[in-house]
Structure formats: structure tokens, C-alpha cells
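The values are calculated or read from the model by the stated rules, or taken from the named source; none is laboratory data. The model shown is predicted, which means the values in this text are computed figures rather than measured ones. Glycine gets a Cβ as well: all are built from the backbone with ideal geometry, and neighbour counts include every protein chain shown. Ligands, DNA and RNA are stripped out before the accessible areas are found, and what is left, the full protein with its side chains, is counted by its heavy atoms. Shrake-Rupley method; radii C 1.70, N 1.55, O 1.52, S 1.80 Å.
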Amino acid sequence: FTGAVTAWNDPALQADNPGLTLPARTITPVVRSDGSGSSAQFTAWMIDQHGALWTDYCQRSGRAPNCGQTSFYPTIPGMISQSGDLGIAGYVSQSFAEGSIGYVNYSYALGTQFPVAKVLNAAGFYTEPTPQNVAVSLLQARINTDESNPAVYLTQNLDGVYSDTDPRSYQLSSYSYLILPTKVAGQFNEDKGLTLGAFAYYAMCQAQQQSASLGYSPMPVNLVEAGFEQIRKIPGVQVQDINLASCKNPTFSADGTNVLAQNAPQPLACDSNGATQCPNGTGGLSNVPTAVNASAAGGATPPPAAAPTGGDPATGAPAVGSETPAVAGGNPTAGGNPTTGGNPTTGGNPTTGGNPTTGGNPTAGGNPTTGGTPTVDASGNPVVDASGNPLLDASGTPLTVGAADNSNCDPDTGVCAASSGDPTAPAAASANSATGPVIATTLDQSSDTGKLALMILIVLLILGLVLVPALAWRHFSSPQQAGHLTGTGSA
């Protein structure tokens with residue numbers, strides 16, 4: 001982003017990515033063309049961490065001597081400018097932009113299903129801006145409380161975030177502001193202050209439970225307490241209601257215990273600065289592994305299989321939340337999740353509806369049974385159900401092949417079903433006992449005469465379809481018929 005590295009196979013990038021074979025492709029940085037908090041946070045980080053590179057770049061861009069933190073990113077030839085996070089995310093994710101790289105709020109990388117770069121922190125680990133990593137990082141954020149200097153009063157100081165030695169730290173973490181009135185003036189009165197204070201408290205507490213699903217991080221306890229100090233200054237607010245005890249923020253408990261620092265996961269060993277590189281996917285492609293050389297993948301765990309989460313960027317950001325630039329780009333497979341909608345076990349399980357052992361005992365009477373079909377013994381033995389119990393006719397006599405109970409026996413096949421009053425077989429089983437074997441036996445007893453007649457009929461129909469059109473064409477195409485038709489047409 002300063003033009004110091006211009007190709008993806010630059011030795012500096014290759015050293016950061018020991019598990020990848022990087023291409024000899026030109027890097028195209030994509031930056032914001034409009035005023036942006038992301039640009040302000042990104043330039044503040046570069047000034048603090050790479051001051052010499054930034055000063056040199058600022059001079060080459062024509063901005064000198066105004067080389068401080070800026071919301072309007074300076075550009076040089078070879079860069080692309082796009083408006084808004086949507087503009088950058090939309091450009092970088094296109095196939096024609098292969099080789100480009102941009103910076104956006106993390107939620108947009110999730111929304112466009114695009115990967116992000118891991119950034120090396122002060123602890124020597126490459127981390128990405130997950131909600132947990134960002135919330136851990138912002139525990140080191142400090143707020144300027146010098147009221148004598150309005151230019152910096154209540155602004156954030158992220159020096160501690162940049163130098164944080166927690167292995168989970170993501171250095172580009174920051175947060176956005178909610179600006180509140182502290183005096184009654186104009187149309188603002190205490191009644192409106194009461195409502196505004198309640199909303200601000202909700203935004204800092206219960207609403208933070210939604211942050212991660214939108215691609216943002218929940219606010220940690222230090223920033224929540226600092227926010228409460230300002231919310232209590234709103235005219236009309238119920239001061240006693242602004243407290244940690246009833247605040248349902250997911251990063252701390254009711255007594256203020258920082259559960260976030262206890263529960264946030266540590267980075268993998270392969271994410272440490274060295275000869276290894278993790279194959280895990282990142283950002284909007286967290287379920288698609290990175291093609292890392294096997295020799296450099298030590299200390300890695302299998303990549304997660306869960307689908308990318310994140311909210312629709314069109315829904316907007318929470319009123320109070322983290323503002324974290326994520327560096328995204330470089331993966332041509334975005335939007336091509338191979339595990340979505342292509343699970344071979346969904347709807348195509350060979351054991352679903354096609355299990356040969358379901359209701360089909362192949363040993364009963366020589367005919368596969370369905371749902372308890374009675375066994376039929378052609379030798380005249382008593383007809384029994386699937387449990388071996390004899391079936392009875394209407395008079396209570398055990399049924400046999402050829403029995404006189406015509407209401408329950410087929411006269412052609414000799415197959416009998418249970419009588420309507422038989423307590424030993426349900427109605428569904430009785431119906432099945434009559435239908436299964438009857439179909440097979442009836443086909444076996446079909447007469448040869450009937451088959452021959454059917455075949456003759458089919459042959460005649462085919463001949464008729466072939467010969468009739470031919471004879472008709474021959475008749476109507478004769479000279480006499482042609483002249484007649486022509487004469488008729490002329491008349």
C-alpha cells in the first residue's frame with residue numbers, strides 16, 4: 001500500500017508465507033476514494049509501525065508535508081480507488097482483479113465470501129480480525145481524558161493495541177464512535193435524553209451480542225465502562241440504570257469479570273513467525289483451506305468445516321462497535337464454496353428409502369414381504385401371519401390354501417387374506433397379503449393365446465401407421481389428383 005513491494009513473489013512476502021509458492025504477478029492496491037474511518041485507522045497504524053515507509057510514500061504521492069493520519073488515502077500510479085467498503089470488496093472479488101488487494105471492514109470480507117490476510121503482531125503470531133481477536137486487542141485501547149485539549153479529548157489511543165504482546169492480538173483493531181449531546185439545547189430535551197440514554201446503554205450491552213454475527217467485535221469491558229461515563233452525562237438519563245451489573249455484554253460477567261480474555265482461543269503453533277504456515281481458511285472463506293505446502297504445515301489442526309458467517313453489509317454497522325480494517329484479496333476461488341449444496345449425503349443417501357432390509361423379509365413364503373405379509377404355503381398348510389400365528393376365516397376356522405371362505409381367498413391363486421374379524425393381523429397387513437403374490441401368479445398364468453393376440457394387434461397398428469400415410473401420399477400425388485387440386489385451387 002506504499003509501493004515498496006510491487007510483486008507477489010517479492011522476497012519479503014515469500015518470507016512471510018513459507019508454505020506458499022507465490023506468483024510473479026503485479027500487486028494492485030485498491031484503496032478508498034472517499035473519506036473513510038478505515039483509511040484513518042489504516043494510516044495511523046502504518047505511521048506507528050512503518051513510519052519511514054509511510055513518510056517516503058507520502059512525499060512521492062504529493063501530500064507532503066501533510067503526512068499524518070488521514071481519512072483520504074493518498075494514491076500513486078498503479079493503485080485503484082473505489083468508493084466505500086462495497087466498492088473495494090466488489091472490485092477485489094472480481095476475477096479480472098486477480099492480484100489486487102484492498103482493505104475493508106471485516107464484515108464485508110465475510111459478506112462477499114472472500115479471504116483476508118493474517119497480520120503479524122508484536123507477539124510474533126499472524127492473526128486475522130476475528131471478533132475474539134479484536135475484542136482482546138481492544139482491551140489495550142485507551143481514551144484521552146484531557147478535557148483541556150478538545151482536539152483529542154475522548155479520542156482513542158491505540159498505541160497499546162499495536163504493541164500488545166498477547167498472541168491473539170490483531171494490530172489493526174479499532175472502534176467507532178457514538179456522539180452524544182450533554183446539554184439541553186434546541187429541540188433536545190430531557191425526555192429525549194431519557195430515550196437516548198436507554199438506547200446508548202442497550203447499544204453498549206445487550207446489542208453487543210449481535211456484533212459477531214454482523215462481522216464486528218463486541219466491546220470489551222474497559223471501553224464499556226468508559227462509554228458509561230459519557231452516557232451518564234446525557235440530560236434526563238436514569239443514571240442508576242447505567243451499570244455493569246445488568247449489562248448483558250458477552251465479553252464480561254455481571255461482576256465485571258473479563259470472561260473474554262479467559263475464553264478467547266489462542267493462535268495455532270503454525271501461525272507463529274517462522275518456517276510454518278497454517279492451512280486454515282480465513283475470513284469469508286474460513287471453510288476453504290489454503291493450499292499450503294505439506295512441509296510447512298506443521299502444528300496445524302484440520303480447517304473448520306462450518307459455513308462462513310457474517311451479516312449482510314447492507315444491514316449496516318451497529319451504532320457502537322469495532323471498526324477493524326481487514327486486508328482482503330488474492331484468492332480466485334471466492335464464492336465457490338465446494339461444500340455448500342454439494343454434500344453427497346444429502347438427499348442421496350443410499351440407505352434412505354432404499355434399504356433392502358426394511359419391511360422386506362426375503363425368506364417368508366419365497367416372496368419378499370412388506371409390513372408383515374402372511375406366509376402362503378402352496379402345499380395346503382395353514383396360512384399364518386409374519387409371527388407364525390394361524391389366520392382364521394369368518395367362522396373361526398384356520399385358513400388353508402383352497403379354503404371355501406371366498407371372501408378372503410383369491411379363487412385363481414389360492415392366496416387367502418385374514419377375515420375382517422381376525423384379531424391377529426392388522427388391516428394393512430391383510431391388504432398386503434392379497435396384493436403382493438397375486439400380481440406375480442397372475443402373470444405366470446397368462447394364456448399363450450392372449451399373448452399372441454396382443455402381439456398381432458401391435459403389429460397391425462404399426463403397419464397401419466406406416467402404410468396408410470404412404471398409400472395416401474401415392475393417391476393424392478398422381479397427375480389426375482394433382483390437376484384436380486390445382487384446378488380447384490385456381491378456381
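Residues to consider are Pro289, Pro279, Pro267; find the one that is in contact with a strand residue (DSSP E or B) (Cβ under 8 Å, 6 or more places away or on another chain), open to solvent by 20 Å² or more (accessible area, probe 1.4 Å) and assigned to a loop (DSSP other than H, G, I, E, B). If you could, list the steps in order and put the result at the bottom.
Numbers: Pro289 fails: in contact with a strand residue (DSSP E or B) (Cβ under 8 Å, 6 or more places away or on another chain); Pro279 fails: in contact with a strand residue (DSSP E or B) (Cβ under 8 Å, 6 or more places away or on another chain).
Of the residues listed, the single one that is in contact with a strand residue (DSSP E or B) (Cβ under 8 Å, 6 or more places away or on another chain), open to solvent by 20 Å² or more (accessible area, probe 1.4 Å) and assigned to a loop (DSSP other than H, G, I, E, B) is Pro267.
Counting only residues that are more than 15 Å from Leu223 (Cβ to Cβ) and hydrophobic (A, V, I, L, M, F, W, C), which one in the range 154-179 is modelled with the lowest pLDDT? Break it down stepwise before answering.
Here is the first cut: in the range 154-179, the ones more than 15 Å from Leu223 (Cβ to Cβ) are 159, 162-163, 165-172, 179.
Adding the requirement that they be hydrophobic (A, V, I, L, M, F, W, C) leaves 172, 179.
Details: Leu172: 96, Ile179: 92.
Result: Ile179.
Quick one: which of Gly284, Gly215 is surrounded by 19 or more Cβ atoms within 10 Å (Cβ to Cβ), at positive phi and not β-branched (Val, Ile, Thr)?
The match here is Gly215.
Hey, does the range 252-262 have a residue that's more than 20 Å from Gln210 (Cα to Cα), free of Cβ contacts under 8 Å to residues at least 40 places away in the same chain and of a type in the set (A, V, I, L, M)?
no
If a residue has to be surrounded by fewer than 20 Cβ atoms within 10 Å (Cβ to Cβ) and either modelled with pLDDT of 95 or more or over 20 Å from the mean Cα position of the chain (by Cα) (or both) to count, how many in the range 94-116 make the cut?
Number satisfying all stated conditions: 6.
At least 3 residues that are of a type in the set (Ser, Thr, Tyr) in each: list the helices (runs of 4 or more DSSP H) lying fully within the range 172-263 that qualify.
190-204
Test Ala334 against the criterion of being hydrophobic (A, V, I, L, M, F, W, C), modelled with pLDDT under 70, open to solvent by less than 50 Å² (accessible area, probe 1.4 Å) and under 16 Å from the mean Cα position of the chain (by Cα), and give yes or no.
Against the criterion (hydrophobic (A, V, I, L, M, F, W, C), modelled with pLDDT under 70, open to solvent by less than 50 Å² (accessible area, probe 1.4 Å) and under 16 Å from the mean Cα position of the chain (by Cα)), Ala334 qualifies.
Return yes or no: is Glu147 out of contact with any His (no Cβ under 6 Å at 6 or more places or on another chain), open to solvent by 20 Å² or more (accessible area, probe 1.4 Å) and at pLDDT below 95?
Here the answer is yes, as Glu147 does meet what is asked.
Restricting the search to the range 136-159, which residues are within 21 Å of Thr257 (Cα to Cα), of a type outside the set (A, V, I, L, M) and part of a helix (DSSP H, G or I)?
Ser137, Gln140
Mind listing just one residue for me: the one in the range 8-50 that is open to solvent by less than 30 Å² (accessible area, probe 1.4 Å) and among the small types (Gly, Ala, Ser) and, of those, nearest to Gly78 (Cα to Cα)?
Within the range 8-50, the match that is nearest to Gly78 (Cα to Cα) is Ser39.
Mind checking which residues of the range 32-57 are of a type outside the set (Gly, Ala, Ser) and touching a strand residue (DSSP E or B) at 6+ places or on another chain (Cβ under 6 Å)?
Of everything in the range 32-57, those that are of a type outside the set (Gly, Ala, Ser) and touching a strand residue (DSSP E or B) at 6+ places or on another chain (Cβ under 6 Å) turn out to be Gln41, Phe42.
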